[in-house]
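Presented below is the structure to which this report refers.
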Amino acid sequence: MSVFQIMSFIIIIIISSVFLHTHSADGNTYSAVMPQTVTALTGSCVQIPCTFNISSFEDKRNQAKSIYGIWVKKKPQFADKDSFIAFNSSKNIIKGFSDIQMTGNLSERNCTTVFYNIMMNHSDFYYFRLEMEPNVFRATFNDSSKTVRITVKDSPQPPELKPTDLKPVMENTTVSLSCSAEAPCPKQPPTISWSYIPESAHITTQLQEKPDKTQSVFSHMTFKASYMDHKKNISCTATYPRKSSKDSTVETTVMLRVLFSPKETRITIDPSASVSVNTSVTLTCKSKGSPSREMNYTWYKRGQEMAIAQGKQITFNGTQNNAGWYSCTAQNEHGKQSSAEIQLTVEGQDGHFMPLIVGCVGGIVAVLTLSALGFCARTRTNRGDIVGDKDSLHQAQDKTIYRNSTYDDVHNVTTQDNTISDDYSVCERKTDHDTGKDQTEEDDHEEADGNTYSAVMPQTVTALTGSCVQIPCTFTISSFEDKRNKAKSINGIWLKNKSQFADEDSLIAFNSSKTIRGFSDIQMTGNLSERNCTTVFYNIMMNHSDLYFFRLEMEPNVFRATFKDSSKTVRITVKETPLSNMTMHCMYSLMMSTIISLDSPQPPELKPTDLKPVMENTTVNLSCSAEAPCPKQPPTISWSYIPESAHITPQLQEKPDKTQSVFSHMTFKASYMDHRKNISCTATYPRKSSKDSTVETTVMLRVLFPPKETRITIDPSASVSVNTNVTLTCKSKASPSREMNYTWYKRGQEMAIAWAKKISFIVTHNNTGSYFCIAQNNHGKQSSAEIQLTVEEESAFSQRVIYGCTGGLLAFVLLSAVFFYCMRIKTSSQAHVIGRDQATDKNSDMVAIYANSSIPISKKSEKKETDDLHYGEIDFSKLQTGDVTREHSNNGPQTEYAEIQVTGRNNKNQKC
């Protein structure tokens, strides 16, 4: 082979791979688009999306008198003996399947087909063939890209939950989860439900079309992550309806991990918060945090500024020194939280002198007790009478409370509820009584030739614009088997407006013998040979309001009759607004066989409609049902609030009148956390001509339970000054809350101190201590933890400072007074001496003596006026500094006076 030939061959291959059109022998080109493979579920159906194109299609369509679609199994050769024609629309041939419907319009190049009741032996290759007669175009789309392979499985594929690997998220971050389940049969799509729905969640569910034209059910849930959602398993469950067996359920699960700072931090004490001396005590700091493995714990004690320990637990022996108030702080990388303070008390005293002190005090108390024995006995007697009266009063109150309790009321209501029927039953019984016959009873009718015939169909069916409606229909006629054997064909006809078949005002909406359709599509899904006339009206619109009559024809001229009496008449009524449950139920019993088509669907029925209060831990059963007028396009049901213990089972149910509804049953054990939660059942109806319609019904769940989370709050705080007004409040969750009783106790007092939710008093040293309360209703009671009320005392150091300052000030004042008194005496003495010297010797010079002078003093004066005058010695070693001289220091050099000793005959010393 030459290089040129090789290159030509490669070019041909490339062109062939790029040029998707197939050429026929006559030069026609044709192509088709369909998925390469589809997966079906046994007992369900599968839809093959299919479109095609051929050259000059419009011209060929105008030339052709008829267009037929054919599906060939296993081999594309139409005339091959090994090939198998599964479906041929020209002759209405269906082989190997219970039903095949070409839902696409061949005139618009749409060859979409639905294969019903798929079985395991249906797995194979299928080829589409188009025939435009007479002899305009005939071809089988037989290349590999135009072949579809149907793979049948006994169990569906689990839904796809994204993200598949859910990473940890921070608290309050918006989380988005999407769940998609394949819908190989869009007329019987799976329903999607979620196992865990956070309180802030918003869910949207819809049917989506993928690029290959196959469809899937898609549910999207968004919510804000809370620390309560940490480590919750979130499952997406897909439930597939199946005709031949039970519905199949598959699920996919992911775990939600939330990162958050410590929450619910608290302290536990083992063995208790009040222990004896030398008992080993363990304090544990408990907290919820994520990540928990990186949590740090720090311990504090009231009165100590610094932390006393690190670690989740601390253990020590109980002594008076380590008794007191403790708190802990839990911290991780996202934040920290401190616990409430908890008090550790140690019963008993340390020291060897304790028994002696106790003995002495005990002896004194014994003497005082013996001396006041008579008085004490009389006081106890009077007190016992008062207590007895008080107990009797409380017993009387207790009896009144239980006699009027909500529990008794609920029990009575429940007993009565068992004997009362709902609105539907009452209305139905009333209608039966008025008409005098059962609405589902067959009425026999007789023609002139003696034939009798009857039909059974629902009295009322509710439809939705843009959707479809199925009319379950069965009939019987006299000697039907003989007539069926004689007849060459059996045809079903639906007449609009009038029952007269030949009337010019009547309109043939559907005739199976001539394929006449006044709707976009009407399909008689029932087999007339088996007395089944069930029919589906597709794409219901507002202009379809009218009367419709069913007619049966067995040819040639075997049997012809229109079921025209009032019980066999169908009225399609299109209304703009939905009807209430009560109105619909009564219309069901009072109206003739009617189809009511609404622009908005009827809200689902949630039972029980009046949900009574239930006791905690009681099993609750809720059922939600939504009408499915079009079973091939049933609504999906979802719940707004799903308790953690809930179990949900959805299914498609058939009612006695052969109409169908979607039913979802939820059971769970009631918890006090579910109290006053609104539970909504939402039905979403798929619509072809517009957006899906969503309606819901809501009930409120009320749970009866004993007090929970009982605790005390103190306003303004647990540590206040003397004479401060304090309010203690006992808080608790319970149902019914209006019948709550509160009792207050103080440690050290056996009797209750108050009966109210709040108590207020002026703080003194006598009413400080540990308080706790008990909350109680008809279903139980709960005690709060003790809380300590303390008085803020002035510290000893502050008192010593105040006393020291006061004493120092008094001492300063006293010393100042003494000092000034002494100086005053000293000044007066000096003035007296100087005056006497001047009087004795007026002519003598004043001798100024300076402290720094080194001049010796001698006796130089020879003048003597009296023998009593003597000159004393001046001692410079005894210098004194007087305040009086300092007062004159501003006028000159400081002068200091030496102590002068004067010696006379009387040997007297004068000294200050």
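Please work out the Cα center distance from region 178-201 to region 635-693, rounded to the nearest Å.
12
Given the C-alpha centroids of region 773-790 and region 739-755, what is the distance between them in whole angstrom?
So the separation of the two Cα centres works out to 9 Å.
In what sequence, largest accessible area first, do I825, I679 appear using a 1.4 Å probe?
Sorted by accessible area, descending: I825, I679.
May I ask which of K612/K781; K60/K187; K246/K514; K486/K564 have a Cα-Cα span longer than 30 Å here?
Pairs exceeding the cut-off: K60/K187; K246/K514.
I'd like the accessible area for F501, computed on protein heavy atoms only with a 1.4 Å probe and all protein chains in place. Round to 10 Å², please.
So the heavy atoms of F501 present about 70 Å² to solvent.
With a 1.4 Å probe and all protein chains in place, put M673, M700 in order of accessible area, largest first.
So, going from the largest accessible area down, we get M673, M700.
For the full complex of protein chains and a 1.4 angstrom probe, list K232, K691, K733 by accessible area with the highest value first.
From most accessible down to least: K691, K733, K232.
Heads up, I need the accessible area for H647: 1.4 angstrom probe, whole protein in place, Å², nearest 10.
Surface open to solvent at H647 totals about 110 Å².
Could you provide, to the nearest whole Å², the per residue accessible area of region 599-754 with probe 1.4 Å?
About 47 Å² of surface per residue is accessible.
Report the label-to-label distance for H202 and S513 in nanometres (one decimal), using points 7 Å from each Cα along the Cα→Cβ vector.
5.8
Full extension from H665 to E58: what is 0.36 nm times the residue separation minus their Cα-Cα distance, to one decimal in nm?
Contour length minus Cα-Cα distance gives 213.2 nm.
When all protein chains stay in place, what accessible area (Å², nearest 10, 1.4 Å probe) is found for I342?
For I342, solvent-accessible area is about 50 Å².
Which percent of the accessible heavy-atom area of region 108-245 goes to carbon and sulfur, probe 1.4 angstrom?
Of the solvent-accessible surface of region 108-245, carbon and sulfur hold 47 percent.
The values are calculated or read from the model by the stated rules, or taken from the named source; none is laboratory data. Note that the structure is a prediction, hence the values are computed from the model and not measured. Counting neighbours? That spans all protein chains shown, and the Cβs are built from the backbone with ideal geometry, glycine included. We work out accessible area using only protein heavy atoms, side chains counted, and drop any ligands, DNA or RNA first. Shrake-Rupley method; radii C 1.70, N 1.55, O 1.52, S 1.80 Å.
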